[in-house]
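Read the structure below first, then the notes.
The values are calculated or read from the model by the stated rules, or taken from the named source; none is laboratory data. Quick caveat: nothing in here was measured; it's all calculated off a predicted structure. For neighbour counting, all protein chains shown are included, and Cβ atoms are generated from backbone atoms with ideal geometry for every residue, glycine included. All accessible areas refer to the heavy atoms of the entire protein, side chains included, with ligands and DNA or RNA removed. Shrake-Rupley method; radii C 1.70, N 1.55, O 1.52, S 1.80 Å.
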Amino acid sequence: MNFFAGQAVEFSDKESGLRIGIVMSISGKGVRVLLANRKETTLTERAILHATSLARSSTSDIDRCVTAAQELDERRRTMAAAIDLEQLHALLADDIRPYSLSELADFSGDSSDEDFSAALLRRLHGDSCYFREKKDGWHPVSRAEMEETKARAERRSAQEAEDEAFLADMKAAWEQPPKELPPRLAEHIDHLVDIVVKGEKSVVSRKLHDLLQKGGWMAPRKLFTLLVKLGRFDPDENLLVIEHQVPTEFDSVVIAEADALKTSHHTLSSQPDSSTRQDLRDLPVWAIDSVGTRDRDDAFSIRQASGGTTTLWVHITDVASFIRPDSALDREGLRRGTSIYMPDGNIPMLPSNLSEDLMSLNEGAERHVISIHMIVDAVGSIVEYAPVIGIVRVTRAIDYQEGDRLVSAGEPYLIAAMELAARLREKRKADGALIISRPELEIRAIDGVVQIVRKFEKSSTAEMVAEFMIWANHLAALWCRDHGVPALYRIQEKPEQIIEMGEKFDAVRFYQAIRQFKRTVISTKPGRHGCL
């Protein structure tokens, strides 16, 4: 093929298919071509698939060259759209042999019209259903292959239409939330939820992922907002609860068993069996917890004794005294493992009529408990201790704010408890415990508004209760170890060097200390917790 200035050529472009240009010059580097968009490119001769036999424009007039390229491009596009390859294939399918472009042009139109031949070339390159190009020319595909290719194209076209309709439904739902979920969205609603909940860990088809990407829906906040509009999420939906499949409701069997249990144990026996449960109802029992707490599971009692010793009981509600092994409640509690506390509420381990009533240490209530009874000497050492299965009557049930106010007002019982907690804390420090005082963030969600409060001063009664609980856990672990009772132990090796924290909180020093802590391990074998 000979090339010269002013000639119109068609060449293959990977992104746009066949493109047209006007030859500007030929050199050893290749053929320099001016495109219809005024840009230039240099082609190898092999890249040019069609060329006119005559110049179509003078290269001395760039504007005229661009106009000529644009006019030829439009003419050939129009001609290509009118060429019926299916009809041409039907004419030649029984004579399977290679055909030149000129021959095909003769069968379908006028081969002497170079623009028609170029248009046919565009059509053939744009549709491989009927003819396939090989080295020796264009071959008609078999009728069976043609039908299969057409069927695939139709399926692809139908799927593309369905995809566009799906994206259109999403856009319509965004602009005007529907009263009922459209079928296309209903089909994929669980997949959309999975994407929002799990993010990159979501397991959805690549096809759906790419489709959402194409429609601009892969932004997590946007997709979340759409699911809110569709009624699938609440505006403040907790995605972590969904991701980890945390059950938030109790089934009817568990509810029925809880109701029956509450009814049968509405009042506890006034005379507990002394062989199994010790009567501790003469003790003053205080339950102090966070503001808004409805499921109180711990309390304490103290009594001054002779010789400067103090007796402390730490009471834990005895859930096992009510719930039968392998009952529906037992299995549900085992499945949940714990109650989960969040800024806007909690997800209880057991139904609220149990966790907040029958098993909660509410003021004035008589409750079954397991208590750790310990005698503490004047320097905070434990003289003796033992677990006690008992029954108590709760004297006071308050929150930490009220407890702090009573301490400030000089309430004798709490003042004595505070002094005992201070002794126990000093004993722990002397034994090597690291006491870290740092600001705490209190996060609450009230009526959809998130409130974050940074507390620099800790509640004195909260620290007191924490101290009692640390010792109760420590002594319970010792008792299990010494009596061969299977238990889980929280173990942490001592840091390799002494950590100094200072009296005031220092963020840099705190994080330096954290990095020196050894990893905490949960084990069935007892061991020391080096930082307690």
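The listed residues Val246, Val465 rank as Val246, Val465 when sorted by accessible area, largest first, using a 1.4 Å probe. Surface composition of segment 411-485: carbon and sulfur atoms hold 56% of the protein heavy-atom accessible area at a 1.4 Å probe.
Per residue, segment 252-343 exposes an accessible area of 54 Å² to a 1.4 Å probe, with every protein chain left in place.
Accessible surface area normalised per residue over segment 6-76 is 55 Å², counting heavy atoms of protein chains with a 1.4 Å rolling probe. Taking amide H as placed 1.01 Å from N in the peptide plane, the amide H of Ser339 sits under 5 Å from that of Met349, each at least 5 places away or on another chain. A helix-only calculation puts the chain at -12500 deg cm²/dmol for mean residue ellipticity at 222 nm, using -39500 (n - 2.57) for each DSSP H run of at least four residues, averaged over all residues. Each residue was assigned an accessible area with a 1.4 Å probe, and for Ser60 the value is about 100 Å².
Between segment 75-133 and segment 1-33, what's the alpha-carbon centroid distance in Å? Distance between centres, Cα-based: 22 Å. A straight chain from Arg206 to Arg294 at 0.36 nm per residue would run longer than the Cα-Cα distance by 27.0 nm.
Based on alpha-carbon atoms, the Kirkwood radius and the radius of gyration of the chain give Rg/Rh equal to 1.28.
Let me check I've understood the local charge: for Leu226, count other residues with C-beta under 11 angstrom from its C-beta, Lys and Arg +1, Asp and Glu -1. What total comes out?
On the way: positive: Lys171, Arg221, Lys222, Lys229, Arg232; negative: Asp169, Glu175.
Net of charged neighbours comes to +3.
Exactly which GluC sites (Glu not before Pro) in segment 424-532 are in a DSSP loop and have at most 14 other Cβ atoms within 10 Å?
Filter output for segment 424-532: Glu457, Glu496, Glu500, Glu503.
As a fraction of the 1.4 Å probe accessible area of segment 1-137, surface on carbon and sulfur atoms comes out at 46 percent. Under the convention that each Lys and Arg Cβ holds +1 and each Asp and Glu Cβ holds -1, the size of the dipole of segment 1-150 around its Cα centre is about 680 debye. Largest to smallest in accessible area, the residues Tyr511, Tyr99 fall in the order Tyr511, Tyr99 (1.4 Å probe, all protein chains included). Near Val388: Cβ cut-off under 11 Å, other residues only, Lys/Arg at +1 and Asp/Glu at -1. The net charge is -1.
Please give the net charge around Tyr489, taking every other residue with its beta carbon less than 12 angstrom from that of Tyr489, where Lys and Arg add +1 and Asp and Glu add -1. Could the numbers behind the result be given before it?
Values: positive: Arg481, Arg490, Lys525, Arg528; negative: none.
Computed value for this residue: +4.
Using the per-residue mean of other Cβ atoms lying within 10 Å as a proxy for protection, in what order, highest first, do the peptides 388-401, 294-307 fall? Display every interim value, and only then the final one.
Working: 388-401: 18.9, 294-307: 16.7.
Highest mean packing first, the order is 388-401, 294-307.
With contacts taken as Cα pairs under 8 Å at a separation of at least 6 residues, segment 355-444 carries a relative contact order of 25 percent.
Using a probe of 1.4 Å, the accessible surface attributed to Arg528 totals some 130 Å² when neighbouring protein chains are kept in position. Computed over protein heavy atoms with a 1.4 Å probe, the accessible surface of segment 188-242 works out to 59 Å² per residue.
Considering only C-alpha atoms, what is the centroid distance from segment 320-345 to segment 407-426, in Å? Taking the Cα centre of segment 407-426 as reference, the centre of segment 320-345 is 34 Å away.
Sorted from largest to smallest, which semi-axis lengths in Å does the alpha carbon gyration tensor of segment 282-337 give for its equivalent ellipsoid, taking the root of 5 times each eigenvalue? Write down the numbers at each step before the final one.
On the way: eigenvalues 203, 45, 14 Å².
With the √(5λ) rule applied to segment 282-337, the semi-axes are 32, 15, 8 Å.
As a length-normalised measure over Cα pairs under 8 Å and 6 or more apart, the relative contact order of segment 134-278 settles at 19 percent.
Averaging sequence separations of C-alpha pairs under 8 Å and six or more residues apart, then dividing by the length of the chain, give the relative contact order as a whole percent. Can you show the working numbers first?
On the way: 731 pairs, mean separation 41.9, N = 532.
The value is 8 percent.
About its Cα centre, the dipole of segment 400-532 is roughly 620 debye, where the only charges are +1 on Lys and Arg Cβ and -1 on Asp and Glu Cβ.
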